[in-house]
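Notes follow once the structure below has been shown.
The values are calculated or read from the model by the stated rules, or taken from the named source; none is laboratory data. None of the values given here were measured: they were computed from a predicted structure. Don't worry about glycine lacking a Cβ; one is built from the backbone with ideal geometry, like all the others, and counts go over all protein chains shown. These accessible areas exclude ligands, DNA and RNA; they are computed on the full protein's heavy atoms, side chains included. Shrake-Rupley method; radii C 1.70, N 1.55, O 1.52, S 1.80 Å.
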Amino acid sequence: MDDFGSKLFEVADIITNILSRLPVKSLIICKSVSKHWRSLICSPNFMRLQLLRSKEYPTYLFFPYTHWGRKVHFLTKTDGETTETLPGCDGYRFKDMICSFNGLICCINCEGLIFCKRTRTTGRLEIRIYNPATREVLLLPRGRNLGEEPKIGVAFGPRINGYKVFRFFCTTGETQDKHNECEVYSSITGSWKGIGRVAHSPWGSSKHVCINGIVYWFVRSEKDGLTVGFILAVDVEENFSVINIPEEKTLHPCLVNLEGHLSLVAANGVDKDRFDIWVLYDSKESIWVKKWSDYMPIFNIKQVNYVAVRKNEILFGSVKHYLFYNMVTRTWRELNWGHSCRDRFSFPMTYTESLLPCKY
Amino acid sequence: MAFTKKVTLKSSDGELFIIDRAVALQSRTIQYVLEDTNPVDAIIPVPAVDARTLSKVLEYCKKHLIDLNTDFEDYSKWDKDFVDAEVWMLYDLIMAADYLHIPPLIDLICDKIASMFKGQTPDKIREIFNIDNDFSKEEEEDFKKKSGWAFK
């Protein structure tokens, strides 16, 4: 049995099975054990398997920031019980994290752009794709230079190779008519492509979700401009469509991915201390079913800024509190950071670490 | 169909193990053999597994059959002790579990071996698992330069 090590690791299934259980940091070390291990870990099949396993244990990711200098030196990962610090995009300033998908994070930086007090100066919008687990950072090439707060969404999946970044902006044509346009970055081509005029543009403040390669955003109501009008959807093939929201009154809605279904977490139209969850059953006919309703302690959904879903758990974030709601036991608990933190935290996103490259 | 309640397994080194059919059915490989041929009082050869390993595997199968009412805590303690073994034994066990196709046992041993990789240097991993280093000095330096943070 002297050569058991090399024999064991000849059985590709077994060694793949073992390695796929390791965190990404350990896998980076294992890549320099032998050529055989290196080629195995770098193979697309292995990356897919590792991601599948990692998705069994999603965590939440925040970035702590101070008001004036949003330099992100680290990210905070938590599952509610334990908290871990991940390296940030060192030296870069984030304005915002756009989304987290398959272990990658899309973040934007608007150096030179000032959004407060409605003054806008032309500056540089930088979009980065970042993998905190492998520390790979990719700065996307510049798209059209516009002094406008970008409306961005990332489409990925259902297959793991590649992603597309959609960016909406408003332009004024030669006849002074304002219209919406969209451009899209593909990780496969590595470049932006204009897709011209589009009928609708996402509501700037709304967060998007991506489910099975389709990105969903809220669009501002044309009636009052203050409430959600409908949902804009675009798939990886760049087909646009519109989904109506439930007819029953849904106030302060948030879009979430609940077990692979587009869902709305919203205030109950009658009782302000309740929240409802609506699940989309048919996107063509906009058929929604109210699947859940429960009371909310501490704060009500009007005060909720952010909602993130991890398996059967929903994280509600207000300015001061983060509350976990367990959908199995219907119980609540508050996220305890364990130390007094004077920093503010960004909205939480569900995160699973992966080996996926930022660049294809 | 006539079901025999006992099944006889024969290890690679010729030892016979007479066990309950239910215990043997935890191995999908043996399950297929029994379904296909339904051997009455026949001996099922297990040519890839020696007696020492087979008895250990059967110990696992018996424990996980009998104690279905044992709570989770007890199981994890027993499982942890079960895989607290030398590397060569884990190797024999996983090869046997793979051949006999016992998914929970494969999971258990894979988790154990994976935990032995965690936090180790490439040198230490090669030493524990007896793997040849086929990288050149230059290549190794290059890895350290590119992902040195992971080695700290």
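Some notes on this structure:
- Listed by chain and number, the lysines whose alpha-carbon sits under 21 Å from that of B:K146, ignoring those within fewer than 8 places in the same chain, are A:K25, A:K31, A:K35, A:K359, B:K118, B:K124, B:K137.
- Accessible area per residue for segment A:205-354 is 52 Å², calculated with a 1.4 Å probe on protein heavy atoms, without ligands, DNA or RNA.
- Where chain B is the region considered: accessible area per residue in Å², 1.4 Å probe: 58
- For chain B: rounded, prolate or oblate by the Cα gyration tensor [a/c cutoff 1.5]: prolate
- Measuring heavy-atom accessible area with a 1.4 angstrom probe and counting protein chains only, the residues of segment B:122-152 that give up at least 50 Å² relative to the chain alone are B:N130, B:I131, B:D134, B:F135, B:F143, B:W149, B:A150.
- Computed over protein heavy atoms with a 1.4 Å probe, the carbon and sulfur contribution to the accessible area of segment A:189-268 reaches 49%.
- Both chains summed, the buried accessible area for A and B stands near 2900 Å², from protein heavy atoms and a 1.4 Å probe.
- Efficiency of FRET from Cβ geometry, A:N257 and A:D177, R₀ 30 Å, rounded to 0.05: 0.25
- Once the Cα atoms are used to define both axes, helix B:137-147 deviates from the longest principal axis of chain B by about 90 degrees.
- Chain B: calculated mean residue ellipticity at 222 nm from DSSP helix runs of at least 4, using -39500 (n - 2.57): -18000 deg cm²/dmol
- Cα-based shape type of segment A:163-278, given that a ≥ b ≥ c are square roots of the gyration tensor eigenvalues and the cut on a/c is 1.5: oblate
- Three-way shape call for segment A:273-331 based on the alpha-carbon gyration tensor, with the a/c threshold at 1.5: prolate
- In Å², nearest 10: area of A:R53 left accessible to a 1.4 Å probe: 80
- Nonlocal amide H pairs with A:K291, under 5 Å, H built at 1.01 Å: A:I277, A:W278, A:V279
- Extension gain, A:F74-A:Q303: 0.36 nm per intervening residue step, less the Cα-Cα distance, totals 79.7 nm.
- Pairwise label distance in nanometres, B:Q31 with B:D84, each label 7 Å out on the Cα-Cβ vector: 3.1
- On the basis of the beta-carbon distance and an R0 of 45 Å, A:S283 and A:S318 show a calculated FRET efficiency of 0.90.
- Sequentially through segment A:298-315, phi angles give Karplus couplings (6.51, -1.76, 1.60; θ = phi - 60°) of 6, 9, 9, 5, 4, 8, 7, 8, 9, 9, 10, 10, 10, 6, 9, 10, 10, 9 Hz, Gly and Pro residues having no value and appearing as x.
- B:D123 accessible area, assembled protein chains, probe 1.4 Å, Å²: 100
- Full extension of the chain between A:D235 and A:H36 gives 67.9 nm of extra length, using 0.36 nm per residue less the Cα-Cα distance.
- Figure note: A:H179, A:H321 ranked by solvent-accessible area, largest first, 1.4 Å probe, ligands and nucleic acids not counted: A:H321, A:H179.
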